[in-house]
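Structure first, then comments.
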């Protein structure tokens, strides 16, 4: 892995270069400010720099967006009125302290995300919300897997909902489908893209041309959904 950098205005842009068997260049930006550029094998550094420089405006915009999102995450207070997304819609948090209940639970009720809890402990409220999202992710993804199964001859061996820091989903060599529980925060069309994408990996365990052609048969507008997720996915976290 090489590391390159250049100056763009007052911003020093440094990025890691990863060579892979592919035809195009891809730029990945992760919090807080890690930039990885995936390039075709054999592309020289001068060409890489020119290609990355042509994307400088987008890179800087994305870096500022990530920093703002990270700032918002670090300032979540888990108090009444805070906003939490579910299937693309934001719901106001409504915490009800009930000292007589034995455990905390969350539910959607009258347009609000209601958490009933015997404690004011922030960690417990956060965990209660995460458990609710995990349950909803399992419920919704199972339904969408069944819907898209009609496009495939093979079925996943198992569905696993987990916390994947860098991925929305993945497919193991044993044909298990793993999904990030935060998927269910996304709008329904984007959740469908994530599900269909991973189901296509049951057939093609890579991002070859054949993979994208199969995904296009399943979701003709997948490119729009993919682009939306790339531009907005970072917002779905807490």
> Would segment 136-147 turn up any residue that is modelled with pLDDT of 95 or more and farther than 19 Å from residue 190 by Cα?
Replying inline: no
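Would you mind finding the one in 123, 155 that is closer than 24 Å to residue 188 by Cβ and surrounded by fewer than 14 Cβ atoms within 10 Å (Cβ to Cβ)?
Residue meeting the stated conditions: 155.
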>> Residues that are over 17 Å from the mean Cα position of the chain (by Cα), at pLDDT 90 or above, surrounded by 14 or more Cβ atoms within 10 Å (Cβ to Cβ) and part of a helix (DSSP H, G or I): does segment 67-87 have at least one?
In response: no
>> Considering only residues that are part of a loop (DSSP other than H, G, I, E, B) and without any contact (Cβ under 8 Å) to a residue 12 or more places away in the chain, which ones fall in segment 43-66?
In response: 44, 54
> Filtering segment 23-39 down to residues that are more than 20 Å from residue 66 (Cα to Cα) and exposed (fewer than 15 other Cβ atoms within 10 Å of the Cβ), which residue is modelled with the lowest pLDDT?
Replying inline: 23
>> Just to be sure before I move on: is residue 167 touching a strand residue (DSSP E or B) at 6+ places or on another chain (Cβ under 7 Å), exposed (fewer than 14 other Cβ atoms within 10 Å of the Cβ) and within 11 Å of residue 182 (Cα to Cα) in the structure I sent?
In response: yes
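The values are calculated or read from the model by the stated rules, or taken from the named source; none is laboratory data. Given the structure is predicted, the values throughout are model-derived calculations rather than measurements. We place every Cβ from the backbone using ideal geometry, glycine too, and count neighbours over all the protein chains shown.
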